[in-house]
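In what follows, a single structure is set out as structure tokens and then discussed.
The values are calculated or read from the model by the stated rules, or taken from the named source; none is laboratory data. Only a predicted model underlies this, so the values are computations on that prediction, with no experimental measurement involved. Positions of Cβ are backbone-derived with ideal geometry, glycine not excepted, and every protein chain shown enters the neighbour counts. Areas reflect the complete protein model, heavy atoms only, side chains present, ligands, DNA and RNA absent. Shrake-Rupley method; radii C 1.70, N 1.55, O 1.52, S 1.80 Å.
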Amino acid sequence: MKAARFDYARAASVAEVRELLARYGDSAKVIAGGQSLVPMMAMRLLRPAWLIDINEIAALKSVAVDGEFARVGACARQRSVERDDALAARVPLLREALAWVGHVQTRNRGTIGGSLAHADPSAELPLVAQVLGAKIVLRSSKGSRTLEAGKFFTAPMSTAARSDECLEETHWPVWSEKRTGSAFAEIAIRHGDFAMVAAAAQVALATDGRCTRAAFGLGGAAGTPLAFPEIAARLVGTKLDEEAIEGAAGEAAKKTDPGTDLHATKEYRRHLARVLAARALREARDRAMKTQ
């Protein structure tokens, strides 16, 4: 199919985006990389009357580490972020996850902000945002506001962003602990397909090998990506042995609410949730142990 008829505007500045959204927001969609939006329009799952292109706005492409956060503009290309060594050293889980996003060709066009705004519960970047507690900056003609990932994702393909707001940048927390390890794992029909279930984990260890900080979560296991801060907190003080890891993974899997479709049953997805959560925690622990 072809997309339904729409009008097109290419914004030259953030101020122009705000103006266009204030005027057409209820019937408009913002396009950056278009790797998810364009196929959905082609299938007529979305029929915006206006398409607002933000690709040429340099201010939305910035990447900078600022103290406790790495600030990534909405239009930063996924491939550029993936290859940024300085950023990977501060937010390693972001690079781990990006390797699983689509294919190199789609990552060359896809943007960080676009993936978050699309809010696919099986997508890798929303899961990382949820696990790390990233902060999403939204801006409109009325001002700006910042939401934590847990409040930004509200339902499948749905966020708390209002129709007149544009996602401007994301603040990714930087862990200060030196012995930090991260890992990402997922199962899909083919590499690059939507994940049936995905898991992300990041841990920090003391010199004696005991866990001082932990975060992990699951994607594709509910209507939004899931993080388990209460379960992760109980890992602190342990040496992340098999009993601790399997216990945390099993408890997390019980909190999932996956669906059944032609690819997998609900029961199989819950099984994958337990297996992948344990795998991600185990790999994150092993990587942290190798750091000095």
Multiply the residue separation of His271 and Ser80 by 0.36 nm, subtract the distance between their alpha-carbon atoms, and state the gained length in nm to one decimal.
65.3 nm
Sorting check: for 193-205, 14-26, which peptide has the highest mean count of neighbouring beta carbons within 10 Å, and how do the rest follow?
193-205, 14-26
For 4-12, 84-92, 277-285, ranked highest to lowest by mean beta-carbon neighbours within 10 Å, the order is 277-285, 84-92, 4-12
Mean-square fluctuation check for the chain, GNM, Cα pairs under 10 Å: which of Ala42, Ala129, Ala149 is largest?
Ala42
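Translational D (Stokes-Einstein, µm²/s) of the chain at 10 °C and 1.306 mPa s when Rh comes from the Kirkwood sum over C-alpha pairs?
82 µm²/s
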Excluding same-chain residues fewer than 8 positions from Lys255, which lysines have a Cα within less than 21 Å of its Cα?
Lys151, Lys266
Using 7 Å Cα-to-Cβ label points, what is the Ser141/Asn55 separation (nm, one decimal)?
2.6 nm
For segment 154-250, shape from the Cα gyration tensor axes a ≥ b ≥ c, cut at a/c of 1.5 then a/b versus b/c, turns out prolate
Could you estimate the translational diffusion coefficient of segment 223-292 from the Stokes-Einstein equation, with Rh from the Kirkwood formula over C-alpha pairs, at 20 °C and 1.002 mPa s, in whole µm²/s?
164 µm²/s
Model label zone, Ala4; criterion: amide N under 12 Å from point 7 Å along Cα-to-beta-carbon; scope segment 34-52
41-50
Estimated FRET transfer efficiency when R0 is 22 angstrom, pair Ala42-His103 (beta carbons, to 0.05)
0.75
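Could you tell me what percent of the accessible area of the chain is made up of carbon and sulfur, with a 1.4 Å probe and every protein chain present?
Roughly 50 percent, rounded to a whole number.
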Using alpha-carbon positions, what is the distance between the centroids of segment 1-57 and segment 263-292, in Å?
37 Å
Calculate the spin-label point distance for Thr260 paired with Val14, positioning each point 7 Å from the Cα along the beta-carbon direction, and give it in nanometres.
4.8 nm
Could you work out the helix-only [θ] at 222 nm for the chain, with each DSSP H run of four or more residues adding -39,500 (n - 2.57) and the total divided by the number of residues, to the nearest 500 deg cm²/dmol?
-10000 deg cm²/dmol
